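*Asks:* This is the structure I want to talk about, given as structure tokens.
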Amino acid sequence: MKQYRFLALPILACALACGGEGDDKNNAFMAPGEDCVACHKSGGSAREAPFSAAGTVFASAMADPGSGLAGVSVILTDANDVETTLVSNAAGNFFTGAALALPLKKAAVLRNGQRTEMASAPEGACNRCHTQPPTGGASGRIHVP
Ligand code: HEC
Ligand code: HEC
């Protein structure tokens, strides 16, 4: 009888806290290519870990979600010229909870000294527009130059 009680607790905790569909690992490598901030915001399923900016870097605008690139710098310049540099992890994901004044003046991707960037990013939910199929006028996923 006792075993059941110990088993029930973690299952109940996950039923309440595990929000990622088809993904049992809610961590920094989760859901590459998906709109992180849709969940990682107040009122979202990951409201305990809100992000001001997050996304995933790939080799091309059409890349598969599982092919994110590690070690790419993403440099955000906010409305007050405060610069935040993030580095993509093994899934290609980058994210920050640091306060950013919107709109971002620049959102740049830098690898091997080559840079590509957009001006006036309205929000930090990069993968909301940079997705497949693309939305918000973007040409697809965030990708290296
Ligand atoms: C469908 C909703 C959803 C999406 C989309 C999502 N996450 Fe999550 N994420 C969660 C949930 C739920 C947790 C667990 C939150 C908790 O522990 O409070 C989590 C946890 C995390 C954590 C661990 C946070 C901590 O403090 O322990 C990180 C880091 C993370 N996600 C990054 C990302 C990144 C990067 C993306 C986008 C590429 C992303 N997530 C997309 C729901 C989501
Ligand atoms: C509201 C939609 C939207 C959001 C949010 C958004 N972008 Fe963009 N992004 C665009 C559009 C539109 C372009 C210009 C068309 C293109 O090249 O994809 C662009 C272009 C870019 C480029 C240049 C792409 C290239 O082809 O050289 C980079 C880099 C970029 N965005 C990074 C980011 C990052 C990082 C974020 C998050 C901080 C972000 N974007 C958020 C819409 C968006």
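The values are calculated or read from the model by the stated rules, or taken from the named source; none is laboratory data. What you see is a predicted model, and the numbers here were worked out from it, not measured in a lab. Note: ideal-geometry Cβ built from the backbone for every residue, glycine included; neighbour counts use all protein chains shown.
*Asks:* Exactly one of these conditions fails for S139: (1) exposed (fewer than 13 other Cβ atoms within 10 Å of the Cβ); (2) more than 10 Å from ligand 2 (Cβ to nearest atom). Give me its number.
*Replies:* (2)
*Asks:* Next question, about the same structure. Give me a count of the residues in region 94-115 that are farther than 19 Å from D81 by Cβ and among the basic types (K, R).
*Replies:* Of the residues in region 94-115, 1 are farther than 19 Å from D81 by Cβ and among the basic types (K, R).
*Asks:* Another question, then. Quick one: M118 ticks every box in (1) surrounded by fewer than 18 Cβ atoms within 10 Å (Cβ to Cβ); (2) away from ligand 2 (no atom under 12 Å from the Cβ); (3) of a type in the set (A, V, I, L, M, F, W, C) bar one, so which box is it?
*Replies:* Of (1) surrounded by fewer than 18 Cβ atoms within 10 Å (Cβ to Cβ); (2) away from ligand 2 (no atom under 12 Å from the Cβ); (3) of a type in the set (A, V, I, L, M, F, W, C), only one is false for M118: (2).
*Asks:* Count, please, the residues in region 56-73 that happen to be in contact (Cβ under 8 Å) with a residue 60 or more places away in the chain and in contact with a Ser or Thr (Cβ under 7 Å, 6 or more places away or on another chain).
*Replies:* 6
*Asks:* Looking at region 53-73 only, could you name the residues that are touching a helix residue (DSSP H, G or I) at 6+ places or on another chain (Cβ under 8 Å) and either closer than 17 Å to P122 by Cβ or more than 7 Å from ligand 1 (Cβ to nearest atom) (or both)? I'd like the intermediate steps shown before the answer.
*Replies:* As a first pass, look at region 53-73 and keep what is touching a helix residue (DSSP H, G or I) at 6+ places or on another chain (Cβ under 8 Å): 53-56, 58-59.
Residues satisfying the conditions are A53, A54, G55, F58, A59.
*Asks:* Another question, then. Out of curiosity, is A54 at pLDDT 95 or above, among the aliphatic types (A, V, I, L, M), surrounded by fewer than 14 Cβ atoms within 10 Å (Cβ to Cβ) and not in a helix (DSSP H, G or I)?
*Replies:* Details: at pLDDT 95 or above: yes; among the aliphatic types (A, V, I, L, M): yes; surrounded by fewer than 14 Cβ atoms within 10 Å (Cβ to Cβ): no; not in a helix (DSSP H, G or I): yes.
Considered against the rule, which asks whether it is at pLDDT 95 or above, among the aliphatic types (A, V, I, L, M), surrounded by fewer than 14 Cβ atoms within 10 Å (Cβ to Cβ) and not in a helix (DSSP H, G or I), A54 comes out as no.
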